[in-house]
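Shown next, in structure tokens, is the structure this report addresses.
The values are calculated or read from the model by the stated rules, or taken from the named source; none is laboratory data. On a predicted model such as this, the values are computed, not experimentally measured, just so you know. Cβ placement follows ideal geometry from the backbone for every residue including glycine, while neighbour counts extend to all protein chains displayed.
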Amino acid sequence: MKAERRHELQQNVLDTELAKGIEWLKRNGVRLAAAILIVVAIVLGAVYLVNQSRQQAAAEQAAYYDMLMYPSTGGIEERITQLRTVAEGDDDTLAAYASVTIGDTRMIELALQWPDLSDTARDEKLTDAASWYQRVLDQHRDETVPVALAHYGLGRVAEYRRDFAAAEKAYSEVRQMQASLQGQPVFYLAEAALQRIPQIREPVALATTRPAAPPVLTPEGDPNAPLPEAPAAETAPAVEEAPAVEEAPAAEEAPATEAPAVEEAPADEAPAAETAPADEQDANAPPTPQG
């Protein structure tokens, strides 16, 4: 009897609680349904946003790799415009890499156009490249490899400006990240740059005049001692005589051509001079001196 009574009491309590629950649902059912719908909507919205973010990240990644593999034919400025879109996207990793790539593109452009640029134009390109490297350090500090690449890029900018102290500091930042850069080329590039800077820090001095002749010192500093004789000049080796040129064989004389004898014209006999009379001859002759 007691067990049956206990069972009835439990049954009554259960019925009472069920009745209260049903009554509560009747009063608050609409509110409960609305709350459930709100929770479901929030969950579905979160799933949708996650999927959209993943799709957008995949699209940005694909666009970034397409730009790397298939450069734009519109020139450097169009390439930078495309990279800027990725750099301003929501994917931190891609944004960091795209920012570094923009800085590297500016540095490549500077190297190719260096002879044709003015000092002002060179400085503008260096400033633009440095701003994109610094953007990685300011906005994507958790991206290890892009951060190392940004430090290396800032070191290159400082080298172009011959600020070797700043360049060493930037390359040293990469060296300090060695533990997290195992196998990354940027670490070895920074090490090579640190070894290069001491060699290029000081400009090479070029001689502007001929060096002066070394002073002639007397033996043991004695001013009265005779000066050492200058070494005899080496005699230049005799020039070998050129072999005599062989004489050309004498040309054979051509046979003389005998000219035909010219017939002598008969000489006209001149008239005999008339003999002057003896008296005239004696008159014209000089006088004979006397004894």
(request) Sort out which residues of the stretch 156-179 are part of a loop (DSSP other than H, G, I, E, B) and closer than 24 Å to ASP119 by Cβ, and write them in order of number. (result) ARG161, ARG162, ASP163
(request) With respect to LEU68, determine if the residue is under 60 Å from the mean Cα position of the chain (by Cα), at pLDDT 75 or above and either surrounded by 10 or more Cβ atoms within 10 Å (Cβ to Cβ) or in a helix (DSSP H, G or I) (or both). (result) no
(message) Being part of a helix (DSSP H, G or I), surrounded by 23 or more Cβ atoms within 10 Å (Cβ to Cβ) and either out of contact with any Lys or Arg (no Cβ under 8 Å at 6 or more places or on another chain) or of a type in the set (Lys, Arg) (or both) is the requirement here; does LEU137 meet it?
(response) no
(request) Please tell me if LEU9 is over 30 Å from GLY89 (Cα atoms), at pLDDT 75 or above, in a helix (DSSP H, G or I) and of a type in the set (A, V, I, L, M, F, W, C). (result) no
(message) I want to confirm something. Restricting to the stretch 71-104 and keeping residues that are of a type in the set (Ser, Thr, Tyr) and buried (at least 20 other Cβ atoms within 10 Å of the Cβ), which single residue is farthest from ARG54 (Cα to Cα)?
(response) THR101
(request) Give the residue, chosen from ASP142, ASP104, that is in contact (Cβ under 8 Å) with a residue 12 or more places away in the chain and outside any helix (DSSP H, G or I). (result) ASP142
